Amino acid sequence: MDPLTVLVRESAQNSLDAADPAGGGVRYSIGLSQPGSEQLLRWRSLLCPGPERANLGIEELLSSGNPVMAVISDRGTQGLGGPLRADVALAPGADFVNLLRNIGEPRDRQFGGGTYGFGKGVLFTTSSIGTILVRTRCRWQGRLQTRLIAAALGTGFQRDGRVYTGRHWWGPIINEIPDPMLDTKAEDIADYLDLPPMHPNETGTDIVIMGAALGTVAVGSEDDEERPRTVHQAAEYLASAMMWNLWPLMLPTDAGVVPLHCQVTADGVNISLPRPEEEPCIRPFVDAYRALDEAPTIIRRKRPATVLGHFAIRTGIAPIHTTVASLAAPFTGSAHHCARMRAPRLVVDYLEGPRSTNDVVHYGAVFVADPEHDQAFADAEPPTHDAWVPDKLTGNAASIIRRAEVELRTELATYVEQQNGMSLSGGTQPPLGALSSRLAGLIPTASGPGADGSGGTFRPDGGGVPAAARITNAPRMVRLDGASRIVAGFQVHPASRPITVQVVTSVALDVGSENEPPVGADIPVVLELRDEVGRIIPGSIVTVGPADRRDWTVVIRPASGAAAKVRLLVTEDDDV
């Protein structure tokens, strides 16, 4: 599993476990940035104050000029409350001690996401120097309290005949123990370091991972060709990881409350995070999840008779184009999997089922373990909570896990066999609205239209595009003045003479495009062209002179129930 995926899974789980019962959902975000020289100087002046240092590489990192800071924030949570010291008798809710002092504590909440707390280690391992800084505000002993402390996990060492574990804390030393800065002092330091704002009566936590390691991205077709991710690439990957691992909690409940509001930023710029039901590759799982409340299949064990969980499965049209959400997909190709989860509704894994013989469709299933057996399923999870492993269990618990997987595989195989039979007999054809969604690789509106670029004209590298003009922003569906519209961006390349561009639309078919629609059929129509400063030209044709604007947007009225193909016809002198 990619380290950034582990980071999302574990940090979101911690935030959800700390949710304020009286709140309206948790606001969870990860922000990546590279601080400027002035801000780095502030970090150095704060964390490198004297001659005795921890040899963690903090000063070297903060002097390197381009370290990445990853800030994980949550609001609508109770913060990290409880006592400051691990030797104080702990009561439920001792989150500060469990995160920053202890390792390996069992979970203290029924149906909590965590089991033994090992996942917190990803906060330190994501840091190139094993160091984090934490600011939290909680309610403690009847009042709000702000706490700020830094912690590090280094290697063990010996000094003056004593053995040290390599664990470090930064804060005022009281009775030989570093404690956090409190209240006004903590808030002043948070402002000094430019941590995310926190309203006066708000509770929550910010965790700064210093020198965040963002992983690598493949270059070219060779598996061994990789380069470090940029801040923007890592942010897009994090957004995708949130979609695949947290989507059940990003859906509104029956009461209209969204349990988890997710956000990702790169140098302060928001990364697009669509609603799960609007992402084609995740939508069948969402549909199956919602079907659990309507007509679920009960997964049972016969001997002894018990309910193991609830199951549902739904089919959709497989998208053609990849999106940002595809970056952290847990499988390649179209969906033929079952998302498995426990009561916290965090996705544990995607159990692979048989593929459909019809590559136009994909399917997604969901299994939620019965709360009565939550402990058995939790105990079957490894520290990263990304599988159910019966071999680590014995007796009835192992039987529950094994039987649940056998029954799920049977359900998936039966469903695919039925679907394949229907496809071969010609008894069922995908609806046109869904087919348009597949052709477009975009989200259809309620009436079903989609949009597509012709050939590869919207590829950012411009491959296969005429030199005079190219589509730079892929066609997408938007709402303009209350109506569904397709918009796309195109750019006219500089030339010594005027260039005329005509935007041509047609209905996209699975084997080409419909250039001659039936009489009276609805067709996509180009309404207007807009340049980058807002000038509007009605119709589909614009002539661009050497001194005119180069970047244009086309607005198209879609055809109901069909995908629109967009092409550019370019005229320079008498050549097309």
For the stretch 381-402, name all the residues that are farther than 13 Å from Leu351 by Cα and among the acidic types (Asp, Glu).
-> Glu381, Asp391
When you go through Ile536, Ile541, Ile556 one by one, which is the residue that is modelled with pLDDT under 90 and touching a strand residue (DSSP E or B) at 6+ places or on another chain (Cβ under 8 Å)?
-> Ile536
Mind counting the residues in the stretch 536-576 that are closer than 21 Å to Ala495 by Cα and in a loop (DSSP other than H, G, I, E, B)?
-> 10
Is it true that Ala186 is assigned by TED's automatic domain parsing to the domain that holds Ala152, out of contact with any helix residue (DSSP H, G or I) (no Cβ under 7 Å at 6 or more places or on another chain), buried (at least 17 other Cβ atoms within 10 Å of the Cβ) and farther than 19 Å from Gly82 by Cβ?
-> no
When the stretch 399-408 is checked residue by residue, the ones that are in contact (Cβ under 8 Å) with a residue 12 or more places away in the chain and either in contact with a Pro (Cβ under 6 Å, 6 or more places away or on another chain) or among the aliphatic types (A, V, I, L, M) (or both) are Ile400, Ile401, Arg402, Ala404, Leu408
How many residues of the stretch 517-533 are at pLDDT 80 or above and either part of a strand (DSSP E or B) or β-branched (Val, Ile, Thr) (or both)? The answer is 8
Could you tell me which of the residues Glu277, Glu294 is in a loop (DSSP other than H, G, I, E, B), among the acidic types (Asp, Glu) and more than 22 Å from Arg75 (Cα to Cα)?
-> Glu294
May I ask you to list the residues in the stretch 337-380 that are β-branched (Val, Ile, Thr) and within 16 Å of Ile282 (Cα to Cα)?
-> Val347, Val348, Val360, Val361, Val366
Quick check, is Gln141 more than 19 Å from Ile177 (Cα to Cα) and at pLDDT 85 or above?
-> yes
Can you name the number of the only condition in (1) modelled with pLDDT of 95 or more; (2) touching a strand residue (DSSP E or B) at 6+ places or on another chain (Cβ under 8 Å); (3) farther than 19 Å from Arg345 by Cβ that Arg229 fails?
-> (1)
Residue list for the stretch 289-305, filter: of a type in the set (Gly, Ala, Ser) and more than 16 Å from Glu407 (Cβ to Cβ) = Ala291, Ala295
Restricting to the stretch 1-43, what's the tally of residues that are surrounded by fewer than 19 Cβ atoms within 10 Å (Cβ to Cβ) and aromatic (Phe, Trp, Tyr)?
-> 0
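The values are calculated or read from the model by the stated rules, or taken from the named source; none is laboratory data. Since we're looking at a predicted model, the values are computed, not measured. Don't worry about glycine lacking a Cβ; one is built from the backbone with ideal geometry, like all the others, and counts go over all protein chains shown.
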